[in-house]
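This report concerns only the one structure given below.
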Amino acid sequence: MSDLNGLLEPGSLVRHPTEPDWGIGQVQSKIGGRITVNFREVGKVVIDGSRIGLLPVFED
């Protein structure tokens, strides 16, 4: 897995690779390996970036 999480910053749009029903999320914060994302369908989720590679979204 390539580490695209390293490119993420607050405001980045992402999708969770195994939870497509969560919709697009916006990165709220990234502290160490913990990435807090606010997903449209499920709200705020804290992701362990060392275990999950979020997928960047390049659209609104």
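Values in this text are rule-based calculations from the coordinates and carry no lab data. The model shown is predicted, which means the values in this text are computed figures rather than measured ones. So basically every Cβ, Gly included, is an ideal-geometry build from the backbone, and we count neighbours across all protein chains shown.
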| query | Among the strands (runs of 3 or more DSSP E) contained in region 18-60, which hold 1 or more residues that are in contact with a Pro (Cβ under 6 Å, 6 or more places away or on another chain)? | reply | 25-31
| field | In region 35-45, the residues that are surrounded by 12 or more Cβ atoms within 10 Å (Cβ to Cβ) and either under 15 Å from Thr18 (Cα atoms) or touching a residue at least 60 places away in the same chain (Cβ under 8 Å) (or both) | value | Val37, Phe39, Val42, Val45
| How about region 17-34: which of its residues are farther than 12 Å from Pro56 by Cβ and surrounded by 14 or more Cβ atoms within 10 Å (Cβ to Cβ)? | Glu19, Trp22, Gln28, Lys30
